[in-house]
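S.K.: Quick one: this structure, given as structure tokens, is what I'll be asking you about.
Read-outs throughout are calculated quantities, based only on the coordinates presented, and are distinct from any laboratory measurement. Predicted model only: the values in this text are computed from it and were never measured. Cβ sites come from the backbone with ideal geometry, for glycine too, and all protein chains shown count toward neighbours.
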Amino acid sequence: MKTLTLEQRGFSVFELVISIVLLGALAGAGYFVYSRQDTDTKIKQSPKPAQVKATNDVVWAFDERKQEWFVQRGKAPKCPDSFEYSPVDFAKVDALLLPGQYRGYSYKPHGGFIAHKATDGNVEIKMPIDARITGLTRYLESPDSALQYIVTFVNDCGLEFKFDHLATLSPRLQAIAETRPPAKLDDTSSDPNNKPEPELFKAGEVIATAVGHPGSGNYGFDFGVSDYRQRNEISKKKEWAVLHDTYISTEWYGVCWLDKLPGETAAIARTLSEKVINPSRPNVVSDYCKHIPTKTLDVNDGKPTD
């Protein structure tokens, strides 16, 4: 039998050690490649930050030439079929103003609510669904120079909510109001290039706790909804469109929000909508609400009557 020298035995041990090290390195490299591939797969399957931001930070704009709204940035999600919350507790409401009608000489694409006298205007106003604030104007309104607020919100899907005649704002909204230009008498104008930061307000969040004019006891607030996704039906009638060609971005896109109210409030609103508020004007009119048969085109050829 051949005897191995010390040097030969040492070389064999060295080879064994090298082999073990090489095998370990290969196994580690394989694990690294596998782990990297697995990580890459997870990265590819996860939504990109830009995509997440797009669906939560959508910007709509109005094209004056095409006379339509469009998504300027982001990807608009689908709109909900109904609101999550009513903007007001109907137990505190006496009457309802319909959207799409003349009130005085002015056409109103928004509706509104008249609160009980006993409430002294102290009613909570809530966000119907999630939406970002896009405008806030404070102004003084005659005859008693009452401080009033107009606030607009837009859901990423393209639904706009407009509130007017808010008297006492929530602390969060009041903080935003303090950053806006000072209130002027009967001046509700706003600078489109000076909008508040688009903070998100959640569905059900209280945005105001009082409405109307405490001095005169006139307690009510305006509530209007526009759907940027499509023109309303009445705007497709040429005889109506020619009479409403100044405020196209609002009047052509106003909607009847009564049927979007949640639960039993939709039925309550429908009943209130058929109630005559002014006996001298017994015709209940709405260009947007299908359940109201009389339209403005049926009265004085679509023009205001007083």
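S.K.: Quick one: net charge of F221's neighbours, Cβ under 11 Å, K/R +1, D/E -1? Mind dumping the intermediate values first?
M.R.: Working: positive: K162; negative: D164, D222.
Here the count lands on -1.
S.K.: Where a Cα-Cα gap under 19 Å defines reach, which aspartates and glutamates qualify for K184, not counting those fewer than 8 residues away within the same chain?
M.R.: Cα-Cα hits under 19 Å: E141, D144, D164.
S.K.: How much of the calculated P(r) for the stretch 199-263 lies past 21 Å, in percent of all Cα pairs? List each step's numbers first, then the result.
M.R.: Values: 1009 of 2080 pairs.
For the stretch 199-263, the fraction of Cα-Cα distances above 21 Å is 49 percent.
S.K.: Which pairs, out of K78/K260; K66/K290; K195/K290; K126/K237; K238/K275, put more than 23 Å between their alpha-carbon atoms?
M.R.: Working: K78/K260 15 Å; K66/K290 27 Å; K195/K290 34 Å; K126/K237 34 Å; K238/K275 30 Å.
Checking Cα-Cα distances, K66/K290; K195/K290; K126/K237; K238/K275 exceed 23 Å.
S.K.: Follow-up question, since we're still on this one. Could I get the Rg over Rh figure for the stretch 90-300? Both from C-alpha atoms, Rh via Kirkwood, rounded to two places. Spell out each step's value before the answer.
M.R.: Numbers: Rg = 16.8 Å, Rh = 17.8 Å.
Here the Rg-to-Rh quotient is 0.94.
S.K.: Determine the gain in length on full extension of the stretch S216-S145; use 0.36 nm per residue of separation and subtract their C-alpha separation, reporting nm with one decimal. Working shown, then result.
M.R.: Numbers: separation 71, 0.36 × 71 = 25.56 nm, distance 1.04 nm.
Between S216 and S145, full extension yields 24.5 nm more.
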